[in-house]
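Written below as structure tokens is the structure these notes are about.
The values are calculated or read from the model by the stated rules, or taken from the named source; none is laboratory data. A quick note: this is a predicted structure, and the numbers were derived from the prediction, not measured. Every residue, glycine among them, receives a Cβ derived from its backbone with ideal geometry; neighbour counts consider all protein chains shown. All accessible areas refer to the heavy atoms of the entire protein, side chains included, with ligands and DNA or RNA removed. Shrake-Rupley method; radii C 1.70, N 1.55, O 1.52, S 1.80 Å.
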Amino acid sequence: MRKKLVPQEKSVCNIVAVYRERGNYLQRLEQFEKAISAYNEALRWNSSDVRSLLGRSLARAKATYYDGALEDVARAAELEPDNLTALQIKAQTEYEKCAFERSLILAHRGQQIRILPPRFAECARCAEETVRECSGASATKVMKAAISMSDEIQIKRDRIGDDIFEPEIVVREGRMQKQPTLQVQELSRLEKQKSENISRLMASKYLEQMAHDKHFLISLCKDERLISANKQGSKILHELANKARCDIEKRQAVLRERRPLYAARAAEAAARARLSRARKERLGHAQKQHAVDARRLIQAAKAIFEEHDVARCLEAAEFAMEQISRKPANLLPEKEKYLLELYDLVAHVFLDQKRVKEKMSEVDREKRAFVLLGISVSREPSHDSVLRSRPMAPPRDVTRRLRALERSLSLHARPSERCYVLHELSRIYVDTKQAQKARFFALKCQSEARTADQRIWLINTTFLLARCHLLQNNRPEARAALIEGAALARSFGFQDVATFFETCVNVSTEGEVGSTEALLEKREQEMIRLMQDDDLRSAAKHLFKRMSVIPASRRFSVLPGTHSEVNTATSSGARRASIAPKTQQPARVMRKSRYPLGFQEFDI
């Protein structure tokens, strides 16, 4: 019996269209996973359906499966090269993938072909705004930088990807022998080191603190100690290390896609510009504050100078110099100007000591001359500031002060600075009774002042040179120096200073310069040094120590430091000369009588 052929049942509609429309419907309901399944079923029946590929690409993009979405768009573009919907979906997917520069390029290309509907224009506008916010510059500059940078990265990638670092293979005598070239090996080492540095830089920019974790995991995956006797455990550890490394690398790639390298560099440039502006503002505020402080110190010293308080004024000026010299040049640009002003102030302070008023009596002038020349007087000086400040005691640490002045002498080049330093060196050596060094620096300061036409420093140094001669008991030279100083002061227009110099000329031959106690101590040390026995030397030291407690006026004639006028008058020829030096009597200031000799005033 012959079988009856049953015809196959034909579908009422196209099954590809059914699944495609189902996918479109589910996509509108935002059920992207079910929509992708529907598109997959449609493509199973027809793999070249462009509309199904575009629908699945759009669903995958909305489900954040960007790689699959781009694959579907690329497949649809191969099937239909003139399909602008595929180009628009690709541009939108690149934008959602945070590849803003590629999205901007694709949107501009599609906008040139199709203006309406304005899908390409909307995508280009969003991409341009995002790029501008990321980079802080215009889109044109950003794209130029991106194109140039991408070309460089591609060239480096191609160079690293090539096999140029493999040793050259040469066939010799039927054998395969590797003959590496030294230059190729050197290039390989440099390129690998450069690529490693770039990798570390990129990891530090995008991963920040996690960059250390990435480098640790990379070294851990290459570590041979990870493979142990426990094969299963070492395998699990190796898988965990690789998985963690892949996660960190994926995180870095995502962050790099969200913020490209040129955007990161542009942000760094903006941050550096902000930091530079902040530093400039802070530097400007610091400069203003230091300038105010320097001006305040100078004004304080000038206010004390107006009060004619020489000691306090010198202390304030020295303190101001120390504080201003510590400031760097960038924090105090006008430091040299302030220091020169202080040097001139100090010069006027020393000159002000030598000014005398017309109403000042001759006795007060002589007392001031005695004190400034270093000649001891028979009674305590008055409470005048000049008499209290001259002669000044040496600083607490003379060695440190002298070392600082000598070092600054080799650094300073301006005449006023050198004159100040040389004058200070000479003055300190005079106060410490080192006459030779004081005279050397005084002469040097005098020549420097003459060369630079520093008139005030020349007058001060001439007076200091006369004091050096008096310290060496060279009275004629001191008198000549004082006469020269008077002539200089008169020629420079300082008449009151010239009058004081003339007073100093009159008193320069009176009194003795030197300390009586210092001579006694020196004589005692010489006597102790002559003794041979240690017990006798210690007894002499004890005796001299006890003798120093007794005032010189109450000591016996046999003790050093006494001078009995009665004993010397009665038995000066019979007694032998004592080994003790005579005490140097200070100069006596006699008050002059207002009336001539023989004048009598009768009380009637």
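Counted as qualifying within segment 320-399 are the helices (runs of 4 or more DSSP H) with 1 or more residues that are out of contact with any strand residue (DSSP E or B) (no Cβ under 9 Å at 6 or more places or on another chain) and at pLDDT below 75, namely 385-389.
Of all the criteria given as (1) assigned to a helix (DSSP H, G or I); (2) in contact with a Ser or Thr (Cβ under 7 Å, 6 or more places away or on another chain); (3) open to solvent by 70 Å² or more (accessible area, probe 1.4 Å), the one not satisfied by H308 is (1). Go through segment 272-286 and give me each residue that's surrounded by 11 or more Cβ atoms within 10 Å (Cβ to Cβ) and out of contact with any Leu (no Cβ under 6 Å at 6 or more places or on another chain). Listed by number, the residues that qualify are A273, L283. Could you grab me the full set of residues in segment 12-23 that are crowded, with 17+ Cβ neighbours inside 10 Å and touching a residue at least 24 places away in the same chain (Cβ under 8 Å)? Once the filter is applied, which keeps residues that are crowded, with 17+ Cβ neighbours inside 10 Å and touching a residue at least 24 places away in the same chain (Cβ under 8 Å), segment 12-23 yields V16, Y19, R20, G23. Can you say whether Q92 is in contact with a Cys (Cβ under 7 Å, 6 or more places away or on another chain) and part of a helix (DSSP H, G or I), as far as the supplied structure shows? It is true that Q92 is in contact with a Cys (Cβ under 7 Å, 6 or more places away or on another chain) and part of a helix (DSSP H, G or I).
Please find, among E30, E71, E94, the residue that is open to solvent by 80 Å² or more (accessible area, probe 1.4 Å) and modelled with pLDDT of 85 or more. Matching residue, one of E30, E71, E94: E71.
Residues are listed down the side, and each one gets a yes or a no for (1) modelled with pLDDT of 85 or more; (2) of a type in the set (F, W, Y):
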position	(1), (2)
Q495	yes, no
F500	yes, yes
V513	no, no
A518	no, no
E521	no, no
L536	yes, no
A540	yes, no
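Residues of segment 50-66 that are out of contact with any Asp or Glu (no Cβ under 6 Å at 6 or more places or on another chain), assigned to a helix (DSSP H, G or I) and of a type in the set (S, T, N, Q): S52 alone. Within segment 228-259, being under 52 Å from the mean Cα position of the chain (by Cα) and not in a helix (DSSP H, G or I) holds for one residue alone: R259.
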